[in-house]
Every structure is written in C-alpha cells, then in structure tokens.
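Some notes on the structure that comes next.
The values are calculated or read from the model by the stated rules, or taken from the named source; none is laboratory data. If you're wondering where the values come from, they're calculated on a predicted model, not measured in any experiment. Just so you know, the surface numbers come from the protein's heavy atoms only, side chains and all, with ligands and any DNA or RNA stripped out. Shrake-Rupley method; radii C 1.70, N 1.55, O 1.52, S 1.80 Å.
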Amino acid sequence: MLDEKLEPIYADVLRRNAGEEEFHQAVHEVLDSLGAVIAKHPHYAENALIERICEPERQIIFRVPWVDDRGQVQINRGFRVQFNSALGPYKGGLRFHPSVLLGTIKFLGFEQTFKNALTGMPIGGGKGGSDFDPKGRSDAEIMRFCQSFMTELGRHLGEYTDVPAGDIGVGGREIGYMFGQYKRMTNRYESGVLTGKGLTWGGSRVRTEATGYGAVYFVERMLRRRSTQFDGKKVIVSGAGNVAIYTIEKVQKLGGRVIACSDSNGYVVEESGIDLALLKEIKERKRGRVSDYAMARKGATYVPNGRIWDVPADVAMPSATQNELTGADAKTLVRNGVLAVGEGANMPCTPEAVRTFIDANVLFGPGKATNAGGVATSALEMQQNASRDSWSFETTEEKLRTIMHSIHDNCAQTADEYGSPGNYVLGANVTGFIRVAEAMQAMGVV
Ligand code: NDP
C-alpha cells in the first residue's frame, strides 16, 4: 500500500504512461519506499517534486533506416529518454533487443537516475536503445545500423549533455562503431561523449568487468553482515553476457563455485564449477550459446527452456534481464536455503519475488545499488577522459571497490535510520531519492 499522499501521484503515472507496465513497476517500487521519507521530511513532497521526478525531462523517438547484407532496407525504432539531469549530464546505456519499447527505456532511465545518485558521482540519469535485434547479423550490418542510429542520436549527445554507454546487445564493438560515426559527424574527438570505449582509444580499464565485479563486491559486503563470505559458497548466475561473465569471474576469485549460468534458450549446470575460460571463448569470441558450452563439457548438463532458479544454491545473482525471477522462483530458492540474492541485471526480480526474499530474511541487493559499479566506472572513464589520463587496472579496481562498499554502507545505514534494518531496497531508494531531490530543490522549478 502506498502512502495516501503518493497514491494520486502513482495514479497519474498510470494515466499518462498507459500500457508501460515495466515503468509502472519501477515507479511503484520507489514510491513504496518514499512514504517513510515524506513522513519524516514533508518538504520533499512540496512543489510537485515527486511528480517531477516521475516525468522524464525529454523523450526522443526516431526512425533508424539501414540496409542489410541482401540490399533490403530495414527500419527500426530508436529511443533516448533523458530522464533527470539534476546531478549531472544524462548517463545510462543503450539496449539493442527486439523487446525494447518506450516503456522499457523509461523504466531503465528512471532506475538509472537513482542508481547514478547512489554512486555519489556527478551524473544524471538516462537510457536509450532500439528494437533492433543484433542476433545473427553480420559485423557489416551491425556497423551500418550503429551508424544510422548515431546519425540521429548524435545531435542530442555531448560530454556535458548526455553520455551513453552499453547495455544488453551493446558492447565494445557497437560503442566503437557509434563513436566513429559521432567523430565523423562532429569533426571532434570528444572522448567523453560515450563510455565503454576500447582501451587504446579512451576507454577505462575495468569498465568491461565493472558491473559484474561491483555486484560481487556488494554481495560480499552483505554476506559480511552475516559473518560469512563467498569462499566455499555455491552460486548461480543467470545470463551469459557481460554482467554474468564478470560476476562469475569475481565469485571464482573469491573462492565461490558458480555451478550454473544461462541464456534466453536454457541453462547449463556443472556441479564442479563453470569453466570460465571456455564460457568466455564461446560467448565473447564466437558469439555462441550456452548449449555450445554444454556440448563441449562432459560434466555439464544443458536444460532447454528450464528455470535456472530450480538449481539449489547459497547465492543467486540474476544477471540477464527484467522480471526473469518470479515469485514462484523466489519460493523455490528460499526452500532450497538461499542466503543472498544480488541483482546484477536491472529489475530482474518481480515485486512478488522481492517480497518473498525480504519476508524470508534473505539478504537482497536491489539492482540499482548492486549493479551500480558499471556506471560508476563509466564515470571514472569520463574523469580520465577529462584529464587525458589513463589509470592502471589496480587503481581503477580499487576505486570501484571503494565505491561499491560505500554504496552498500549508505544503503544499510539509511535502512537503519528509517526503521527497516537490512532492507536494502528501502535503503537504496531513499538514499538515491534524497540526493536527486536535494539538487532539484536547490535549482528551483525547472
Ligand atoms: P548482454 O547483452 O551482454 O547479455 C545479456 C544476457 O542476458 C545474455 O546471456 C542474454 O541471452 C540474456 N538475456 C537477455 N534477454 C533475455 C531474456 N528476455 N530472457 C532470458 N535471457 C535474456 O547484456 P549485459 O550483460 O550487459 O546486461 C545484462 C543485464 O544487466 C541487463 O538487465 C542490463 O540492463 C544490466 N546492466 C548492465 C550493465 C552493463 O554494464 N553492461 C550495467 C548495469 C546493469 P541471449 O543471448 O539468449 O539473449
């Protein structure tokens, strides 16, 4: 139940954003945490501040025409939602996936605003993408698509305006093509306009690893509150993309055993532990499937169309996509004795799943806190670009670790302060909200 002052705000969000269910879900989760804030600090509800936070500053939708390898003209839809710039230029990734709708990008941009605030760095929130499906497309097709996408998007970007990065379906290759096109259009080598760049042309060390590593640091810190650690724990990680791979890498470095991962076709289980070098070879180099991994390993079992959450584990790290872990999955995990869940993806657990974990006293790290290491390291990339500097892996990773620990500690402290100790959802939402709200109040009604 939302606070009675927040009910009409939510009703208005539903009315103005009809059919955008993921956006409704993300807004509801934040508003649900804000009752406690406005009870304590009523001034945050003044001047329609919360209503303004729920309304993106700007939403851009555009046509992306491109020519495929057969000479056929293809049309996709591009989006950029510039959600909130109270704390800095809009910052957030681009997603290329056939499921992308305006509501998807809005939910991601909304989440991003609070996530970026949690990092304590000078970045606002935004998100973008397209319903383009990169699967099965040649390099040349990906390049032509990225060039066409940037031809329109580029006019809305700038290192002090809006700085995109990668997300699902957008990695180093796509960032390269987009940066090349932007450079050509503007005749400027504006490194700070995109993050996730290659290491030889303005990228930051650790950016590739950052989201996964950061998520593991966050969960490690949560485990410490129960006087335990990753060493010896059985872990399942959904997905097999950027976030999943570097989550697996860091868990293994800390002595945990990752026994399952997945893609959208199925999951693979290997009780002795996933062979990460092989997984990287298949996913990063050959752009293959986890079924290829299972074929190459005697001890691995492939379960097509199954629920990875049926595999008993101590720690679960959903790292694929939104709403991939349902209430029923959460009950299964709890029944199997899960101790901690850390969201590597954005909003991978449904509201029912989140409630199930919190009610069962499972340590639960919400995505906007747990996966903030990616954008934090993007902000470190912007810092290096601005000072024309390049830091070592160790220096950058140490900064990431410090940021993740401080996000964890701030969320935990806020949850204590608002009477819900151990509730990281409340801690993250309230901490992020207050930072954005303070800046918006200082700047007046804009
Ligand atoms: P990738 O494209 O590298 O990998 C995505 C993985 O998730 C793939 O294994 C993909 O499988 C799987 N997946 C995607 N959609 C679905 C679906 N509908 N059902 C089941 N599996 C699916 O993306 P990232 O690893 O970068 O992103 C993963 C999540 O992490 C997203 O929620 C993203 O928003 C979030 N995130 C990413 C950050 C980053 O730095 N990259 C930063 C913060 C959050 P398949 O190949 O079959 O599609």
What fraction of the DSSP beta bridges in the stretch 62-196 is antiparallel, stated in percent and rounded to the nearest 5? 60
Give me the accessible area per residue for the stretch 53-203, probe 1.4 Å, as a whole number in Å². 37
With only alpha-carbon atoms counted, please give the Rg and Dmax of the stretch 1-145, in Å. 17.9, 62
Please work out the C-alpha center-to-center distance from the stretch 181-199 to the stretch 365-393 and express it in whole Å. 17
Out-of-range pairs (alpha-carbon distance over 23 Å; input 115/253; 197/280; 135/286; 280/331; 250/283): 115/253; 280/331
What the 10 Å binned alpha carbon P(r) of the stretch 111-226 shows, as percent of pairs per bin from 0, is 12, 40, 33, 12, 3, 0
Residue-ordered couplings for the stretch 312-320, obtained by feeding phi - 60° into the Karplus form 6.51 cos²θ - 1.76 cosθ + 1.60 and rounding to whole Hz (Gly and Pro as x), are x, 7, 7, 10, 10, 10, x, 9, 10
For residue 166, residues with placed amide H under 5 Å, excluding near neighbours: 94
Find the Cα radius of gyration of the stretch 1-55, compare it with 2.2 N^0.38 Å by division, and give the number to two decimals. 1.07
Residue by residue through the stretch 269-285, what is 3J(HN,Hα) from phi via Karplus (6.51 cos²θ - 1.76 cosθ + 1.60, θ = phi - 60°)? Round to whole Hz and write x for glycine and proline. 10, 9, 4, 7, x, 5, 7, 5, 4, 5, 4, 5, 4, 6, 7, 7, 8
Accessible area of residue 197, 1.4 Å probe, to the nearest 10 Å²? 10
With the radius of gyration and the Kirkwood radius both derived from the Cα set of the chain, what is their ratio Rg to Rh? 0.95
Taking protein heavy atoms only, a 1.4 Å probe, and rounding to whole percent, the accessible area of the chain owed to carbon and sulfur comes out at 49
Once phi for every residue in the stretch 321-331 is put through the Karplus expression 6.51 cos²θ - 1.76 cosθ + 1.60 (θ = phi - 60°), the whole-Hz ³J(HN,Hα) values, with Gly and Pro written as x, are 7, 5, 6, 8, 10, 8, x, 5, 4, 4, 4
How much accessible area per residue does the stretch 210-370 have, counting only protein heavy atoms and a probe of 1.4 Å, in square angstrom? 38
Treating the Cα atoms of the stretch 210-370 as identical point scatterers in vacuum, please give the log10 of the normalised Debye intensity I(q)/I(0) at q = 0.16, 0.17, 0.20 Å⁻¹, two decimals. -0.79, -0.90, -1.28
